[in-house]
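The values are calculated or read from the model by the stated rules, or taken from the named source; none is laboratory data. Being a predicted model, the structure only gives us computed values, none of them experimental. Don't worry about glycine lacking a Cβ; one is built from the backbone with ideal geometry, like all the others, and counts go over all protein chains shown.
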Amino acid sequence: MRFRYLSLVVAAMLVAGGSPGAQAQTGPGGPPAVGVVKAALTPIYQSSEYIGRVQAISKITIRARVTGLLEERDFHEGDEVKKGQKLFVIEQPPYQAAVLQAQGQVVQAEATLRNARLNLSRSQTLLNTPAGQRSTVDSDQASAGQGQGSLLVAEAQLQTAQINLGYTTILSPIDGRIGIATDPGNVVAFTDAALATVVSEDPEYVLFPVSETEASLLKSKNAGQGGLAAMTVKLRLPDGQTYDKTGKIDFSDISINSSTDTLDLRAVVPNPPRANTLALGSDRTLVDGGFVTVILQSKNAQQQVTVPRAAVLADQQGYYVFVLGPGNTAQRRNITLGDSTALLAVVATGLKAGETVVADGVQRVKPGAPVKPTPFTPPDYSAPGSTDGSGQ
């Protein structure tokens, strides 16, 4: 009989409310104890998320502009290079010889022109004497003109030779990071594959499509706050971490994509080197071509009604909370949610600031039944990661 009595007592304790360490417990023979909190007005930044792709602002393909043996490569693949830095050297002797030859042709043309002008001067002087002839003057004038033309051609050939010689030294056109490159010893030409590619890294573009409807809403909501350019752009990386740099929208496409009904937006985001890294070459967070989640956040916060996310329940009728009514009775209140997080629920309709809601022990509450309220301490919404993510 004693064993049977103890079993009944244990069963009654389990039914009454679980472990003694629970925050909200059921009092013996009375209404369940629950944690309550008042709905508060909280400054909330309106935000929305989109899938974006990182794109280098500048992406330059390096090609040979003259044909020759690639003699030097003055960098390591993956290095960061500066604008004007020497990258490659193509064999120069053939092009140096071409410059010397062109210089010789210029000298010859100048000598021929001087002789033609002297002959013209003599024939013009003799024209007014019995020894002068008009035909001789005309012939000397033609020779001087031909000499002038030959000099211009020779100077143009010299300039071309000098340009080609300059092409044998290939410099970086931008600051950036250089990728896989052709090895020295290969004969290269303009028609061959690229020698290397240089991409800029700081800052980076992030392109993301927004539906036509959402684009219109974003523009109307931010019309009085500086428009899309005033919105803050945050990024969530593929590993789930939030990028510690923010950007701004700098471009909105001029037309809607007819196949997807979306408008392409572009943001500019800083991408400095990461500190205290031992990686080869450049080590930056954003990489050209990578995917990120773009979080658009409004410039100014708006006061909105909020409750702990733990207070929100859902069924087939939608979202609801239990509001403390007269006599400490729990009354069901249907609500609609705005942009919410894992810890904080933003209530768009159905609840007013100052109303008391059940935030802990909601599983023991029955609509219209009395409860025993105790203060509930909500989580720290400002803690890192507490506001990551959006949705309902």
**Request:** Specify which of the listed residues (THR129, THR112) is β-branched (Val, Ile, Thr), out of contact with any Phe, Trp or Tyr (no Cβ under 6 Å at 6 or more places or on another chain) and surrounded by 14 or more Cβ atoms within 10 Å (Cβ to Cβ).
**Result:** THR112
**Prompt:** Which number in (1) more than 16 Å from the chain's Cα centre (by Cα); (2) farther than 30 Å from GLU77 by Cβ marks the one condition that ALA275 misses?
**Reply:** (2)
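Might you check whether a residue that is closer than 27 Å to ASP175 by Cβ and within 16 Å of the chain's Cα centre (by Cα) occurs anywhere in the stretch 193-200? Can you show your working first?
First, the residues of the stretch 193-200 that are closer than 27 Å to ASP175 by Cβ: 193-200.
With within 16 Å of the chain's Cα centre (by Cα) added as a condition, the list becomes 199-200.
Looking through the stretch 193-200, at least one residue is closer than 27 Å to ASP175 by Cβ and within 16 Å of the chain's Cα centre (by Cα).
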**Verdict on ASN276 being closer than 30 Å to ALA39 by Cα, of a type outside the set (Gly, Ala, Ser) and at pLDDT below 85** = no
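This table checks each residue for (1) buried (at least 21 other Cβ atoms within 10 Å of the Cβ); (2) outside any helix (DSSP H, G or I); (3) of a type in the set (Gly, Ala, Ser); (4) in contact (Cβ under 8 Å) with a residue 40 or more places away in the chain.
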site	(1), (2), (3), (4)
THR182	no, yes, no, yes
ASP192	no, yes, no, yes
THR197	no, yes, no, yes
VAL206	yes, yes, no, yes
VAL210	yes, yes, no, yes
LYS219	no, no, no, no
ALA229	no, no, yes, no
ASP239	no, yes, no, no
PHE251	no, yes, no, no
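Could you say whether any residue in the stretch 70-78 is under 24 Å from the mean Cα position of the chain (by Cα) and either in a strand (DSSP E or B) or not assigned by TED's automatic domain parsing to the domain that holds THR341 (or both)?
In the first step, residues of the stretch 70-78 are kept if they are under 24 Å from the mean Cα position of the chain (by Cα); the result is 77-78.
If we keep only those that are either in a strand (DSSP E or B) or not assigned by TED's automatic domain parsing to the domain that holds THR341 (or both) as well, we get 77-78.
Taking every residue of the stretch 70-78 in turn, at least one turns out to be under 24 Å from the mean Cα position of the chain (by Cα) and either in a strand (DSSP E or B) or not assigned by TED's automatic domain parsing to the domain that holds THR341 (or both).
Yes/no per residue for (1) assigned by TED's automatic domain parsing to the domain that holds ILE249; (2) modelled with pLDDT under 90:
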site	(1), (2)
GLY179	no, no
GLY185	no, no
ASP192	no, yes
GLU204	yes, no
THR213	yes, yes
LEU217	yes, yes
GLY226	yes, yes
LYS234	yes, no
**Request:** Only residues that are touching a Lys or Arg at 6+ places or on another chain (Cβ under 9 Å) and closer than 23 Å to GLU214 by Cα: list them for the stretch 243-276, please.
**Result:** THR246, GLY247, ILE249, ASP250, PHE251, SER252, ASP253, ALA267, VAL268, VAL269
**Request:** Could you tell me which of the residues LYS38, LYS59 is modelled with pLDDT of 90 or more, basic (Lys, Arg) and under 30 Å from the mean Cα position of the chain (by Cα)?
**Result:** LYS59
**Prompt:** Looking at (1) closer than 17 Å to PHE190 by Cα; (2) outside the structural domain of VAL187 (by TED's automatic domain parsing), can you tell me which one ALA102 breaks?
**Reply:** (1)
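Regarding VAL153, is this residue at pLDDT 90 or above and among the hydrophobic types (A, V, I, L, M, F, W, C)?
For VAL153, the condition - at pLDDT 90 or above and among the hydrophobic types (A, V, I, L, M, F, W, C) - is met.
Name the one entry in VAL292, VAL287, VAL268 that is surrounded by fewer than 18 Cβ atoms within 10 Å (Cβ to Cβ), assigned to a strand (DSSP E or B) and either in contact with a His (Cβ under 9 Å, 6 or more places away or on another chain) or modelled with pLDDT of 90 or more (or both).
On the way: VAL292 fails: surrounded by fewer than 18 Cβ atoms within 10 Å (Cβ to Cβ); VAL287 fails: assigned to a strand (DSSP E or B).
The match here is VAL268.
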**Prompt:** Hey, does the stretch 105-114 have a residue that's polar (S, T, N, Q) and within 60 Å of the chain's Cα centre (by Cα)?
**Reply:** yes
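Answer with yes or no whether GLY325 is among the small types (Gly, Ala, Ser) and either crowded, with 22+ Cβ neighbours inside 10 Å or within 30 Å of THR197 (Cα to Cα) (or both).
Values: among the small types (Gly, Ala, Ser): yes; either crowded, with 22+ Cβ neighbours inside 10 Å or within 30 Å of THR197 (Cα to Cα) (or both): no.
Against the criterion (among the small types (Gly, Ala, Ser) and either crowded, with 22+ Cβ neighbours inside 10 Å or within 30 Å of THR197 (Cα to Cα) (or both)), GLY325 does not qualify.
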**Request:** Check THR336, THR374 and return the single one that is without any contact (Cβ under 8 Å) to a residue 24 or more places away in the chain and in a strand (DSSP E or B).
**Result:** THR336
